[in-house]
1. Suppose the chain between ASP67 and ASN437 were pulled fully straight at 0.36 nm per residue; how much longer would it get relative to their current alpha carbon spacing?
2. For the chain, return all DSSP H helices satisfying: extent of Cα atoms along own axis at least 18 Å; mean Kyte-Doolittle hydropathy at least 1.6.
3. Name the residue from PHE81, ASN183, ALA496 whose Cα lies farthest towards the positive end of the charge dipole of the chain, charges +1 on Cβ of Lys and Arg and -1 on Cβ of Asp and Glu.
4. How would you classify the stretch 242-331 from its alpha-carbon gyration tensor, with a ≥ b ≥ c the square roots of the eigenvalues: rounded for a/c under 1.5, else prolate if a/b is greater than b/c, otherwise oblate?
5. Any idea of ASP457's accessible area? Nearest 10 Å², probe 1.4 Å.
6. Rounded to a whole number, what % of the accessible area of the chain do carbon and sulfur atoms account for, probe 1.4 Å?
7. Provide the solvent-accessible area of SER186, counting protein heavy atoms only and rolling a 1.4 Å probe, rounded to the nearest 10 Å².
8. At what distance in angstrom do the alpha carbon centres of the stretch 150-183 and the stretch 388-411 lie from each other?
Amino acid sequence: MDVNKFFNQGRKFFFNDRELTAEYVKNNCKEELAHVMRVADEVCRQEFKFDLRWDMEQTVEPVVFKDKIDWLYMPGDDPEFIYAFNRMRFWICLGQAYAVTKDEKYAKAFVNQLSGWIETVPHIPENDKAWRTLETGLRMEYWIKAMMYFKGSPAITGEVMDKFVASMTEHAEFIMSVWNWYNMMSNWGVMANHGLFVAGVMLPETERTKEYVKTAIKRLDTEIRLQVYDDGAQWEQSPMYHNEVTQLFYTVVILAERNGIELPEGFSECVHKMALANVYWQKPNGEEISNGDSDEIDVRDVTTIGAAFFHDPVLKGSGYPELDFDSAWEVGAELAEEYKNMKAEHPQSLTLALADSGNIYMRSGWTEKDTFLHFHCGTLGAGHGHSDQLHIDLYANEEDILMDSGRYTYVNKPERFEFKDAAAHNTTIIDGASCYNYIDSWECSHLDRAVNRACKDFKKYAYAEGGHIGYMTNEKGGVFANRRVIYLKPDIFILADEFYTNGNHSYQNFLHFNNKGKLSETGAGNWKYSSSKNEAQILLLAPEACTKKTATRLSRHYNAVENNETLETQWNAKGSSFMFTVISLNRAGSFEETKVQLIPLRSNFKNWTFKDSQIQALKITKGSKDYVVVVAHEEYATPTDTYLVDGCIGFGNVTVFDKAAGETEIGTMLNV
């Protein structure tokens, strides 16, 4: 095939001007460019390590091939290396290195490896690990992107282009032959069919490539309508896979817009909502939360692409102030000045809910120094979800404090379940069992349902609530678990955990801490997390409970594991049981002690003291702050009643009195 015909067929690519974008990243993205150049040089030497930001299964140790590359080589017990290896994301690094240097060694490495793969990894059963639909779809994007960087290289001959187009056509025909219910609901389907779309748009146009585009759009429309909730969250309950899918849909909407291809009604709007979901769950440092099968990844590049494409100031507010390396190549450096001058905004509310997926976020503000809490009460999210019902993440003073333990591995071995189990999350397990029972790395035999969700924001407070029925079929008698999260802005959080039952049960509550700090016990039920940035006080109130510090592990990235410390609180109870956790935040060097006590409430109508099983109150003092927080576990007002507590008269299910502000009547009813 004539090489110039391929490169000059009139199709518009992601960037319009390669040289302009190359110059932009050389001048403005030096750190990211250095990483890409390092990867490209390693690939030229046939050294492969997956440590790019969006490598889904990162590796720590490089794999080196001194002679011929074995594309099906598996260095350990994890086939994920084979899968990542056969996506060839690193070939894009070769292309970007060529774009900024014009060094032919990168083009030669690309041609040699491309030709070698085509010759040695045909689509036959023995090579199935290289020909999963997931990798097949990603290759169509990655190979075509890589090829476009090499325009003008003498290494790209007519013979090379013939092999390339023939292989891409084979890839497309394979995906055309695969379509079923699994593709509709899985990120695999999006990965496969977005690649089919890219091939249909960028390969030399024929009647068949038009069919590729038409078929891909139809399938992708089905997938986005099934897989993405109205709140914008991809259903698998993993921010990392949400962002992978978001980027695939970006590929579709960008190429469609640039080439005048019409997409179904609502398609682009749904992609826009997926981008906005990142704004909600992005931590103040720009990273996604590590829930489900996710890693610690700075997602501002994804948000930046969305902001530039959709011209959205709210996305800009959570993105980079200027185009970063990846976004410059995705939208083109010609948009750099427009993006830089775009106004940056933030959502008006500091408490936001992705209501359909069951995720609630509380903030003290939108700067890197602000506080952020995430509360999960939603669906499992299939194989990439974890047993994390009622889990919380907490970030303050530029640092994680309470963390999800991460994912570590997909291999069906004990470590997989160590990190998926409820005990690896900041929640409570009952009778030593998780709310989900795992069959293997991906499937469960017992499922759950989230219920009773609520979320409200107030000037001085925020409130969230949620429960689940995962323990309702417990052999010792059903238990309904419920958690309330109360935020006394800006520095105090209260977790009210409620367990409703007639049975006799044991409970284990877990709080997993960042290993950047240390835990120390300062009194009965009183602990401190100390680091270079935080001195957080943790006060635990549970009936006849025992709290201990245990050694656990966390995984910030796939294949990487670290030691950390966890607080485990254990107790037994007959009938319903309740636990309060108060977390008081302080910047390191500015510790101010918080005191908490349970105080009785009296009925104004009946002149008696309410039972703890009905309603409880916390008195919380910190410096000049003085709060009374009332939490009702059941209805208490019959026939007509109010309560009296510490000189305060009120009503409601959850009420806060700011006594330092003189509140002694009504207070603020967070939940009625």
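1. Once the chain is fully extended between ASP67 and ASN437, it gains 128.6 nm.
2. Helices meeting the span and hydropathy rule in the chain: none at all.
3. Checking the options against the dipole of the chain, the answer is ALA496.
4. Prolate, because a/c is 1.5 or more and a/b exceeds b/c.
5. So the heavy atoms of ASP457 present about 60 Å² to solvent.
6. Roughly 50 percent of what the probe reaches on the chain is carbon or sulfur.
7. 10
8. 40
The values are calculated or read from the model by the stated rules, or taken from the named source; none is laboratory data. All figures in this text were calculated on a predicted structure; none of them were measured in a lab. In this analysis, Cβ positions are derived from the backbone assuming ideal geometry, glycine residues included, and neighbour counts consider all displayed protein chains. Please note that ligands, DNA and RNA were not included when accessible areas were found on the heavy atoms of the full protein model with its side chains. Shrake-Rupley method; radii C 1.70, N 1.55, O 1.52, S 1.80 Å.
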